[in-house]
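Worksheet: one structure, shown below.
The values are calculated or read from the model by the stated rules, or taken from the named source; none is laboratory data. Remember, it's a predicted structure, so these values are computed and weren't measured experimentally. Note that we place each Cβ from the backbone using ideal geometry, even for glycine, and neighbour counts take in every protein chain shown. Side chains included, ligands, DNA and RNA excluded: accessible areas come from the protein's heavy atoms. Shrake-Rupley method; radii C 1.70, N 1.55, O 1.52, S 1.80 Å.
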Amino acid sequence: MTKSDKQGFITANLHADRNAKPEHGVLHKPVHTSVAFSYDDARDLAAVFQGKKSGFNYGRQQNPTVNALQDRVTQMEGGIASTAFATGMAAIGSTLFALLKQGDHIISSAFLFGNTNSLFNSFKKFGVEVSFVDTTSAEAVAAAIQPNTRLVFTETIANPVTQVADLKGIGELCSKHNIIYIVDNTMTSPWLFKPVTVGASLIVNSLTKFIGGHGNALGGMLTDTGLYDWQTYPGIDDTYKKGDPTLWGTTQIRKKGLRDFGATLGPEAAHHLAVGSETLPLRIERATDNALKLAQFCERHPRINKVFYPGLPSHPQHERTNELFRKPGALMSIELDDSIDCFDFLNKLSCVVASSNLGDVRTLAIPVAHTIFYEMGAERRASMGISDNLIRLSVGIEDIDDLIQNFDEALR
Ligand SMILES: *Cc1c(COP(=O)(O)O)cnc(C)c1O
């Protein structure tokens with residue numbers, strides 16, 4: 001047992017870099033910008049390339065600063081290995097590219113981050129079948145399983161209508177059918193929810209959001225929980241069936257995904273994200289407390305038609321939220337009354353930023369139908385419950401009185 005195994009989430013993360021004994025006794029892993037790495041004996045370089053010795057060969061595949069961040073997220077998620085990417089989208093795209101081939105079938109939540117939805121539709125062009133189903137129901141997922149189903153992909157809390165997937169039910173199903181289970185934990189982060197507890201095989205985190213927390217760096221992470229037996233997966237190349245089988249999936253994702261696609265996380269961004277991650281629990285707890293109070297205010301307000309927030313008893317998956325998550329998170333959406341112009345409303349909110357990002361310390365708001373969900377068209381939007389007057393809010397850590405006063409004034 002290492003020192004950090006005995007520590008709590010926050011302590012272990014605060015001391016993660018130092019416990020790994022970095023150079024000069026520094027508290028943060030330094031930002032290593034070198035792209036190349038050298039060895040006194042050229043044979044060592046060959047051994048590193050052949051995977052016989054651990055070490056660094058080229059910055060597209062590995063970097064000491066980025067590796068330190070990978071280790072932090074592995075620790076936060078309770079996984080066995082993580083692979084960092086330039087963005088959350090790169091993590092998802094590179095992973096699926098590394099694992100799938102023509103003729104494979106995947107089941108995805110129908111309620112997805114817009115760009116993930118767009119990405120999965122692109123996979124169809126390469127002969128991967130995709131079924132979009134309502135993942136709030138494990139039965140709906142079960143009904144979509146085919147003999148060639150390779151993986152199930154779902155988010156924890158969907159954006160923008162905040163549906164909460166049947167994460168446990170799907171986990172049991174995937175385990176029974178030996179299907180890879182990928183959970184995008186971006187909305188909850190490992191502080192509110194650990195997908196490993198419901199049997200996830202792989203976990204996606206967009207580090208850009210709550211883990212980084214300050215809207216100053218992009219990044220994505222893919223964590224293997226160690227629960228899936230890669231020896232049973234038909235899509236592992238013979239080349240990567242070497243050594244510890246629990247790492248075959250990670251090896252293939254690193255080689256075919258990260259190395260060949262090259263969506264590498266830079267060391268400066270990794271440093272920003274690592275420092276941001278140190279306050280993740282404090283920020284998300286505070287933001288969640290704010291979100292609940294704001295949601296309660298909005299639910300009572302006569303000029304707001306609907307409030308979508310899993311922390312409200314009126315939310316269809318409120319009980320599941322309480323069962324699965326430490327807290328219901330900082331993401332909510334509100335549907336304004338038709339008498340309000342959503343753009344005028346946003347312009348009146350002085351301490352809320354109109355922006356597409358989320359998970360920032362500042363409260364961010366966006367009219368979804370006109371922006372992030374514009375491209376998918378009115379019909380698909382309607383099927384997802386997204387009206388033209390729907391505003392998505394990523395609640396920040398401001399003084400709650402300021403937020404509520406701001407909303408109160410803007411709604412008048
Ligand atoms: C933002 C987001 C992503 C993509 O992350 P980027 O870092 O912006 O590429 C993926 N999934 C979810 C749920 C997200 O919110």
**Prompt:** In nm, to one decimal, how far is the modelled label at Glu379 from the one at Ser355, with both set 7 Å along Cα→Cβ?
**Reply:** 3.6 nm
**Item:** Proximal charge balance of Val307 [Cβ under 10 Å; K/R count +1, D/E count -1]
**Value:** 0
**Item:** Accessible surface of Ser122 - all protein chains present, 1.4 Å probe, nearest 10 Å²
**Value:** 50 Å²
**Asked** Can you list, bin by bin at 10 Å, the percent of alpha carbon pairs in the range 16-56, starting at 0?
**Response** 26, 33, 37, 3
**Request:** Quick one: P(r) of the chain from all Cα-Cα pairs, 10 Å bins, percents rounded to integers, in order of increasing distance.
**Result:** 5, 22, 32, 25, 13, 4, 1, 0
**Request:** Provide the per residue accessible area, probe 1.4 Å, for the range 301-412, rounded to a whole number of square angstrom.
**Result:** 47 Å²
**Prompt:** Given 0.36 nm per residue, what is the gain on full extension from Asn347 to Asp41 after removing their alpha carbon distance, in nm?
**Reply:** 103.9 nm
**Item:** Calculated on alpha-carbon atoms, Rg and Dmax of the range 194-241 in Å
**Value:** 14.5, 42
**Message:** I need the trypsin sites (Lys or Arg not before Pro) found in the range 1-83, filtered to DSSP loop residues with at most 12 other beta carbons within 10 Å of theirs.
**Reply:** Lys52
**Low-density loop cleavage sites - trypsin sites (Lys or Arg not before Pro) in the range 185-279, where at most 14 other Cβ are within 10 Å (DSSP)** = Lys241, Lys242
**Message:** For Val130, what residues show an amide H to amide H distance below 5 Å, using hydrogens built from the backbone and excluding near sequence neighbours?
**Reply:** Ile106
**Message:** Whole angstrom only: what separates the Cα centroid of the range 1-56 from the Cα centroid of the range 276-294?
**Reply:** 30 Å
**Complete:** Taking alpha-carbon centroids only, the range 207-258 lies from the range 348-412 a number of Å equal to 33 Å
**Message:** Could you tell me the relative contact order of the range 229-337? Use alpha-carbon pairs under 8 Å, at least six residues apart, and round to a whole percent.
**Reply:** 20 percent
**Message:** Strictly over 25 Å apart at the Cα level, which of Lys101/Lys255; Lys6/Lys53; Lys53/Lys242; Lys306/Lys327; Lys194/Lys306 would you flag in this model?
**Reply:** Lys6/Lys53; Lys194/Lys306
**Message:** On alpha carbon coordinates alone, what is the Rg over Rh value for the range 1-100, Rh being the Kirkwood radius?
**Reply:** 1.00
**Message:** For Cα pairs less than 8 Å apart in space and 6+ apart in sequence, what is the mean separation divided by the residue count of the range 11-113, i.e. the relative contact order in percent?
**Reply:** 18 percent
**Asked** With every protein chain in place, what's the accessible area of Ile304 (1.4 Å probe, Å², nearest 10)?
**Response** 10 Å²
**Prompt:** Around Thr371, with a cut-off of 14 angstrom between Cβ atoms, what is the net charge of the other residues, counting Lys and Arg +1 and Asp and Glu -1?
**Reply:** 0
**Message:** What distance in nm separates the two pseudo spin-label positions at Lys241 and Asp260, each 7 Å out from Cα along the beta-carbon direction?
**Reply:** 1.7 nm
**Message:** Once R0 is set to 41 Å, what does the formula 1/(1 + (r/R0)^6) return for the Cβ-Cβ distance between His177 and Thr11, expressed as a FRET efficiency to the nearest 0.05?
**Reply:** 0.60
**Asked** What is the chain's relative contact order, in percent, from Cα pairs under 8 angstrom and six or more apart in sequence?
**Response** 16 percent
**Message:** For a test of the definition: using alpha carbon positions, the gyration tensor, and the 1.5 limit on a/c, classify the range 157-298 as rounded, prolate or oblate.
**Reply:** oblate
**Cα-based shape type of the range 299-412, given that a ≥ b ≥ c are square roots of the gyration tensor eigenvalues and the cut on a/c is 1.5** = rounded
